[in-house]
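See structure below.
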Amino acid sequence: MGASNFVEGVDLAFKVIFGISFFFLIGITTVMLFFVFRFQRKRHPIARQIKDNNILEITWTVVPIILVLLMFYYGFVAFTPMRNVPKDAIPITVIGKMWFWTFEYEGSKQSPVLVVPLNKPVKLNLRSTDVIHSLYIPAFRIKEDVVPGKKNYLWFRPEQLGEYEILCSVYCGLRHSYMESKVRVIPEAEYLAWLKSLPEKSAEPEGLTILKKNACTGCHSIDGSKLVSSSFKSLYGKTEKVITNGVERSVVVDDDYIRASIYEPDKDVLVGYPKGLMKTYKGLVSENEIKKIIDYFKSIK
Ligand SMILES: [Cu+2]
């Protein structure tokens, strides 16, 4: 028994295809080596033309047809149930975003990890807010692309308690390899209690929404951790070392500095970072939006 209802079928299809491929890899290589040895010019100086051989030709037509149909059959049998979602499946919306997964439960409850009850079918509605991602849960043998503007889905029934990896299997930018999460399979009673304790989606500060919309948070963290560039946490009011026109100087982060950093990122370049790393957001972020961003920075000082 595997971690999900699809493990058996997918593994069987894999073993059949792998088995047939392996048999032919060894078989063809062996025959090839034998021919090279047996029919080399030294042993076989004059080539001999072989006329038609009906038995041979029928064999090498019929046998491969049976083999490929066999591979098709096992793949088809494993794949069909993946697209037929049971009616009683628990709906969970998965949002893929550079570079994290969010799982939305009914009642606008959100979680960064996927928690599901044992032996209950779960339907994942896959949505992307930016680029193409792919939700991959190796232990469950499921993977499906998460495409912006498209409503994709997949489903599974977890059959073993435990914690399993969730990955993004489509290269989606700089921090693609960090785009991971966990699926936790727990008993139903525990799941219901967990769901109850899950907080409703809190209203996000407007400034943060603007930062996310412009993908600022892809390079600047809001929790103090270092991504591509400096973090927004405790930024406001901080003294930073910057290079202005080739001269190093200290500045206190205030409204003007933030405004300049968004509109002319190469004017004052933070020491330790190369010039040209960030593009200008002139025309993309309005003056009014900058005010909201500044309010948000002040709130995470
Ligand atoms: Cu991704």
In whole Å, largest first, the alpha carbons of region 1-133 cover along the principal axes 81, 31, 26
Where nothing but the Cβ of Lys and Arg (+1) and of Asp and Glu (-1) is charged, how large is the charge dipole of region 7-83 around its Cα centre, in debye to the nearest 20? 620 debye
Given axes a ≥ b ≥ c from the Cα gyration tensor, I'd like to know whether region 160-238 is rounded (a/c under 1.5), prolate (a/b larger than b/c) or oblate. oblate
Run the dipole for the chain about the Cα centre, Lys and Arg Cβ at +1, Asp and Glu Cβ at -1, nothing else charged, and hand back the magnitude in debye, nearest 20. 1060 debye
When DSSP assigns beta bridges and you keep just the ones with both residues in the chain, what percent turn out antiparallel, to the nearest 5? 75 percent
Limiting things to C-alpha atoms, what are the Rg and the maximum Cα-Cα separation (Dmax) for region 7-83, in angstroms? 18.5, 59
Placed amide H near L126: partners under 5 Å, 5+ positions off or other chain: V94, N152, Y153, L154
Write down Rg/Rh for the chain, rounded to two decimals, with Rg from the C-alpha atoms and Rh from the Kirkwood relation over Cα pairs. 1.19
Which value results for Rg/Rh of region 90-197 when Rg is the Cα radius of gyration and Rh the Kirkwood radius based on the inverse mean 1/r? 0.95
Can you give the direction-averaged projected area of the convex hull of the alpha-carbon atoms in region 206-299, in nm²? 5.5 nm²
About its Cα centre, what dipole magnitude does region 191-243 give when the only charges are +1 on Lys and Arg Cβ and -1 on Asp and Glu Cβ, stated in debye to the nearest 20? 120 debye
How much FRET efficiency would the formula 1/(1 + (r/R0)^6) give for F18 and L56, where r is the Cβ-Cβ distance and R0 is 35 Å, rounded to 0.05? 0.80
Using the Karplus equation 6.51 cos²θ - 1.76 cosθ + 1.60 (θ = phi - 60°), what ³J(HN,Hα) coupling, rounded to whole Hz, does each residue of region 15-29 give in order, writing x for Gly and Pro? 5, 5, 5, 5, x, 4, 4, 5, 4, 6, 4, 5, x, 5, 4
Once the dipole of the chain is set up from charges on Cβ (+1 Lys and Arg, -1 Asp and Glu), the residue from the list L174, F6, I65 lying farthest towards its positive end is I65
The chain: relative contact order from alpha carbon pairs under 8 Å, six or more residues apart, as a whole percent, is 14 percent
Extension length gain for E165 and E190 (0.36 nm per residue less Cα distance), in nm, is 7.0 nm
Please list, ordered by chain and number, the residues whose modelled amide H lies under 5 Å from the amide H of Q110; skip anything fewer than 5 residues away on the same chain. Y105, K201
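No lab work stands behind these numbers, since they all come straight from the coordinates. Model, not experiment: these values are computed from the prediction. Counting neighbours? That spans all protein chains shown, and the Cβs are built from the backbone with ideal geometry, glycine included.
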